[in-house]
Amino acid sequence: QLQLVESGGGLVQPGGSLRLSCAASGSIFSINAMGWYRQAPGKQRELVAVITGIGRANYADSVKGRFTISRDNAQNTVYLQMNSLKPEDTAVYYCNALILSYRSAGAVDYWGQGTEVTVSS
């Protein structure tokens, strides 16, 4: 069973930092893009950051300069380092990956279960 498992969410004060991790496991042949999305209460899910297989990253304007996405291809893991957190960063953060498995004819989008980040004093 191919799956993405996130960790690292929690409660942090404004100005603080958190690091999210997302590990993919299962019958993986290759992983293309990996990314992080978030969904705040009452809002639509939005892209936070995405990184290609060769390490090219793009960020939402709201997190540029504060968040850094990275990946470890050997471990099939993507990270999101979040610094200078603001209350408006409060959301459930979801990991996403475009994965080609040994059991599928083409690449398939997979999602993690979500990890909650709360920024509050």
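Values computed for the structure shown
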quantity	calculated
Residues of the stretch 1-35 satisfying the condition of being assigned to a loop (DSSP other than H, G, I, E, B) and either among the aromatic types (Phe, Trp, Tyr) or closer than 18 Å to Ala91 by Cα (or both)	Gly8, Gly9, Gln13, Pro14, Gly15, Gly16, Ser17
Every residue from the stretch 36-59 that is among the polar types (S, T, N, Q) and part of a strand (DSSP E or B)	Gln39, Asn58
Residues that are open to solvent by 80 Å² or more (accessible area, probe 1.4 Å) and under 18 Å from Cys95 (Cβ atoms), drawn from the stretch 57-66	Asn58
Candidates Arg45, Arg103, filtered to the one that is charged (D, E, K, R) and modelled with pLDDT under 95	Arg103
Members of the stretch 1-24 that are of a type in the set (Ser, Thr, Tyr) and surrounded by 14 or more Cβ atoms within 10 Å (Cβ to Cβ)	Ser21
Residue list for the stretch 67-92, restricted to those being open to solvent by 30 Å² or more (accessible area, probe 1.4 Å) and either more than 15 Å from Ala24 (Cβ to Cβ) or without any contact (Cβ under 8 Å) to a residue 12 or more places away in the chain (or both)	Thr68, Asp72, Ala74, Gln81, Asn83, Ser84, Lys86, Pro87, Glu88, Thr90, Val92
Ser84 being modelled with pLDDT under 95 and either among the polar types (S, T, N, Q) or within 14 Å of the chain's Cα centre (by Cα) (or both)	no
Those residues of the stretch 19-45 which are touching a strand residue (DSSP E or B) at 6+ places or on another chain (Cβ under 6 Å) and over 20 Å from Asn76 (Cα atoms), in sequence order	Arg38, Gln39, Ala40, Arg45
Options Ser104, Ser121, Ser62, Ser84; residue that is in a loop (DSSP other than H, G, I, E, B) and in contact with a Lys or Arg (Cβ under 7 Å, 6 or more places away or on another chain)	Ser84
All positions within the stretch 25-55 that are surrounded by fewer than 18 Cβ atoms within 10 Å (Cβ to Cβ) and among the hydroxyl-bearing types (Ser, Thr, Tyr)	Ser25, Ser27, Ser30, Thr52
Qualifying positions in the stretch 96-121 - open to solvent by 60 Å² or more (accessible area, probe 1.4 Å), within 12 Å of the chain's Cα centre (by Cα) and among the hydrophobic types (A, V, I, L, M, F, W, C)	Trp111
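The values are calculated or read from the model by the stated rules, or taken from the named source; none is laboratory data. Quantities reported herein were computed from a predicted structural model and do not represent experimental measurements. Backbone-built Cβ (ideal geometry, glycine too); neighbour counts: all protein chains shown. Accessible surface is based on the protein model in full, side chains and every heavy atom, while ligands, DNA and RNA are left aside. Shrake-Rupley method; radii C 1.70, N 1.55, O 1.52, S 1.80 Å.
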